[in-house]
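The values are calculated or read from the model by the stated rules, or taken from the named source; none is laboratory data. Please read all numbers here as calculations on a predicted model, not as lab measurements. Every residue, glycine as well, gets a Cβ built from its backbone with ideal geometry; the counts of neighbours run over all protein chains shown. Calculation scope for accessible area: heavy atoms of the full protein, side chains included, ligands and nucleic acids excluded. Shrake-Rupley method; radii C 1.70, N 1.55, O 1.52, S 1.80 Å.
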Amino acid sequence: MESDKPAPPSTRRIAIDPVTRVEGHGKITLLIDDNNHIVEARFHIVEFRGFEKFIQGRPYWEVPFLVQRLCGICPVSHQLAAAKAVDQIAGSRELTPTATKLRRLLHFGQMLQSHALHFFHLSSPDFLFGFGGDPKLRNIAGVLEQFPEIALQGVKLRKYGQSIIEVITGKRIHGTGTVPGGMNKSVTAIERDTLLAGIGDILQWSQDAVALNEHIHTAHPEHRDFGTLPSHYLSMTGTRGELEFYHGGLRARAADGSDIFDQFDYCGYQQILKEEVRSWSYLKFPYFSALGTALGWYRVGPLARINNCDRIITPRAEAARWRFKACGFGGPVHDTLAYHWARMIELLHCAESIHTLLHDPDITGTDLLADKDHRRPQGIGVIEAPRGTLFHHYHVNDEGLVTQANLIVSTTSNNQAMNESVRVVANRYLNGHEITATLLNHLEVAVRAYDPCLSCATHALGKMPLQVTLQHIDGAVIHQLTKKADGVIQ
Amino acid sequence: MIAGTNTIYIDGQEIPFTPGQTVMDAALAASVYIPHLCHYPGLPPSGNCRLCMVETGGRNVAACIAQAAAGQEIRNNTPELNAARMAITQMLFVEGNHICPSCEKTGNCKLQAMAYHLGMLDQHFSQFYQHRDIDASHPDIALDRSRCILCDLCVRASRDIDRKNVFAIAGRGIDAHLIVNSASGKLADTPIAATDLAATICPVGAILIKEQGYRVPIGQRIYDRRTICETGLQEHIAQQRRDQ
Ligand code: SF4
């Protein structure tokens with residue numbers, strides 16, 4: 001795989017812009033040769049955020065609340081990943097049971113609301129109306145009209161997850177909560193009881209959502225091989241190989257299900273992961289360094305996690321996992337659309353785990369802060385965010401100011417996989433030289449399976465060139481301005 | 001209205017004063033709030049922020065430095081004065097980097113509370129995007145100059161209460177900036193301590209005790225529970241108790 005490869009001379013460029021119902025904004029370019037074969041698909045990331053740069057110079061205890069602004073969908077994931085890094089920097093010893101369980105509860109609430117949002121609001125229209133369904137209907141408003149019960153369940157599931165976030169962080173979105181070495185408050189008995197009153201429905205609706213997705217996936221053969229992509233998978237797992245979102249070791253499995261590494265301490269992530277920069281995207285391309293750029297790309301997120309784990313500790317989700325696993329015939333499930341099914345198994349696991357935690361007396365405890373040792377010059381926090389493994393890495397100076405930051409967000413890890421899925425689907429559905437509505441719909445569905453969050457993924461202030469072109473509708477270039485990597489504008 | 005001895009009238013309300021008292025102190029003693037950021041009971045006034053401008057005798061004066069005079073009629077809570085106060089607050093916001101969403105002072109910040117009090121919905125003016133250095137050299141205290149509103153409170157607190165004279169404002173007009181009185185210009189080389197009034201008096205997030213941010217949960221922060229009018233009056237009462 002060569003980076004910055006120019007399009008071959010005999011290829012035509014077909015661009016589809018924008019991809020709707022993705023968090024953020026995207027643009028797809030297909031490069032086809034004379035034989036109408038798509039040689040490369042590029043899912044362009046044209047947004048630009050710059051978080052890694054403007055964190056520099058800020059006090060380290062401020063970072064979780066700066067970086068949570070990366071995203072309006074999964075701010076809690078960023079706050080928690082940064083908080084774990086900040087715990088290390090502050091020299092915190094092991095967190096108290098109350099603090100750990102509050103963070104876990106918060107994280108489950110976040111996963112629940114994000115997964116509910118993705119399936120019910122963003123993806124269910126594709127499945128309930130079909131990929132080629134009338135675009136006027138194929139949206140959340142259409143679902144509300146034709147399948148009001150399902151739509152309402154989605155809304156209420158999301159609301160419940162947000163209620164948990166609000167109880168723990170003080171706000172549904174962009175609250176506080178974490179402090180170096182712990183949490184700033186626990187849950188009151190009244191708050192706990194209010195949440196407990198709603199958990200029965202949440203469990204049932206989550207179970208129904210798994211059943212619906214299982215049915216959709218297994219009853220439609222065209223879903224099974226839609227954009228199916230044998231790939232490696234990366235996720236965190238617990239010490240006994242169980243599904244784990246908050247803290248564990250890294251596990252990578254190859255397309256055939258064999259281990260690439262297991263229980264790898266995430267603080268050494270730079271030994272196993274590298275990132276490639278390509279000129280046409282603001283998103284980097286991470287890969288397993290041992291396998292190189294061509295073979296080392298991998299997938300993260302629900303599909304990776306359900307494929308990689310050996311068990312789920314909550315019974316209903318575990319039963320659902322076994323039915324999922326059967327689709328892989330002994331190996332990983334590579335169906336790209338199985339992301340949705342896996343996502344709903346995780347939704348059920350969240351509901352069950354929330355139920356368990358709400359009965360745990362520790363969440364109303366008062367022991368919120370861990371003891372501290374000496375401050376450390378760097379911290380690395382990794383969690384499983386809704387969209388996949390999320391890495392936050394910060395260096396600080398003696399005064400406690402951040403000198404360097406590196407974030408690898410989930411959508412970045414899925415970057416190559418999204419391009420590959422687009423290529424596979426496009427080759428199958430492209431007919432002649434025409435971009436049809438059907439092709440466009442199918443490409444969107446392929447991208448959407450990954451639930452890409454472009455606002456998160458484009459956090460890095462890159463040094464790459466920018467080109468601005470003013471073009472007449474007949475194709476003539478009127479003016480062009482290029483900023484080179486060294487900042488020179490031509 | 002007949003001017004009584006040692007009485008002023010603020011928006012028609014009769015307010016007693018003692019000779020030598022400022023309009024601000026007389027108002028606060030009578031539980032009448034005049035918006036302010038740089039006034040702090042127990043410290044000499046500086047007239048810096050101009051939020052306490054009131055109208056008397058056809059002129060605008062700063063209530064924190066104007067001496068109360070018998071029979072004086074003063075307008076305070078008027079649409080015109082509040083509009084001017086909002087414009088000043090908006091200017092303070094754009095002149096510094098007051099990014100409330102991620103600032104650790106949010107919920108405890110007087111500038112933010114003032115914006116809410118005045119009904120400020122946007123910044124109106126263009127953001128300066130200035131870059132001023134952070135001084136985090138002190139083990140317990142950080143100074144983020146990009147948030148300083150030059151209220152001069154830390155200067156007065158350090159000089160008049162802590163007796164350490166750690167801070168000063170250098171330059172004039174647009175070039176005015178907060179400096180630290182040490183050979184290196186760094187806080188680490190001053191005698192300031194986290195328990196000093198100067199270390200805790202900052203109305204915004206410019207002087208901070210390190211690693212304390214975000215410890216108070218949302219819902220329990222100062223301005224989650226009270227308005228800036230209430231805290232303004234309470235600060236005055238607390239000082240009166242100290243004086244007794
Ligand atoms: S640092 Fe704070 S207290 Fe000192 S002048 Fe600036 S805003 Fe006022």
(message) Of everything in region A:255-292, what is in contact with a Pro (Cβ under 8 Å, 6 or more places away or on another chain), open to solvent by less than 60 Å² (accessible area, probe 1.4 Å) and assigned to a strand (DSSP E or B)? Give them in sequence order.
(response) A:LEU273, A:GLU275, A:GLU276
(message) Suppose we filter A:VAL143, A:VAL179, A:VAL167 for residues that are within 14 Å of another protein chain (Cβ to nearest Cβ), in contact with a helix residue (DSSP H, G or I) (Cβ under 6 Å, 6 or more places away or on another chain) and crowded, with 17+ Cβ neighbours inside 10 Å; which single one remains?
(response) A:VAL167
(request) Would you confirm whether any residue within region B:147-164 is at pLDDT below 95 and of a type in the set (A, V, I, L, M)? (result) no
(request) State all residues of region A:332-373 that are open to solvent by 10 Å² or more (accessible area, probe 1.4 Å) and among the hydrophobic types (A, V, I, L, M, F, W, C); if no residue qualifies, say none. (result) A:LEU357, A:LEU368, A:LEU369, A:ALA370
(message) Looking only at region B:151-178, filter to residues that are crowded, with 20+ Cβ neighbours inside 10 Å and among the aliphatic types (A, V, I, L, M); which one of those is farthest from the ligand (Cβ to nearest atom)?
(response) B:VAL166
(message) Which numbered condition in (1) crowded, with 19+ Cβ neighbours inside 10 Å; (2) under 25 Å from A:SER206 (Cα atoms) is the only one that A:ARG323 fails?
(response) (1)
(request) Could you list, in sequence order, all residues of region A:198-215 that are within 30 Å of A:ALA83 (Cα to Cα) and of a type outside the set (Ser, Thr, Tyr)? (result) A:GLY198, A:ILE199, A:ILE202, A:LEU203
(message) Here's a check for you: in region A:393-429, which residue that is modelled with pLDDT under 90 and farther than 22 Å from A:LEU273 by Cα is surrounded by the most Cβ atoms within 10 Å (Cβ to Cβ)?
(response) A:VAL422
(request) Just give me the residues in region B:113-159 being basic (Lys, Arg) and either away from every other protein chain (no Cβ under 14 Å) or without any contact (Cβ under 8 Å) to a residue 40 or more places away in the chain (or both), in sequence order. (result) B:ARG156, B:ARG159
(message) Restricting to region B:123-150, and then to whatever is more than 8 Å from the ligand (Cβ to nearest atom) and part of a strand (DSSP E or B), can you tell me which residue is most open to solvent (accessible area, probe 1.4 Å)?
(response) B:ILE134
(message) Restricting to region B:205-221, give me the number of residues that are within 16 Å of the ligand (Cβ to nearest atom) and buried (at least 17 other Cβ atoms within 10 Å of the Cβ).
(response) 6
(message) Of everything in region B:215-244, what is touching a Ser or Thr at 6+ places or on another chain (Cβ under 7 Å) and modelled with pLDDT of 95 or more? Give them in sequence order.
(response) B:PRO217, B:ILE218, B:ILE222
(message) Could you tell me how many of the residues in region A:68-126 are under 13 Å from the mean Cα position of the chain (by Cα), open to solvent by less than 10 Å² (accessible area, probe 1.4 Å) and β-branched (Val, Ile, Thr)?
(response) 1
(request) Starting from residues that are more than 15 Å from the ligand (Cβ to nearest atom) and over 22 Å from the mean Cα position of the chain (by Cα), keep the ones in region B:187-204 and report whichever is surrounded by the fewest Cβ atoms within 10 Å (Cβ to Cβ). (result) B:PRO191
(request) Check A:VAL382, A:VAL445 and return the single one that is within 23 Å of the chain's Cα centre (by Cα), within 30 Å of B:PRO139 (Cα to Cα), away from chain B (no Cβ under 14 Å) and hydrophobic (A, V, I, L, M, F, W, C). (result) A:VAL382
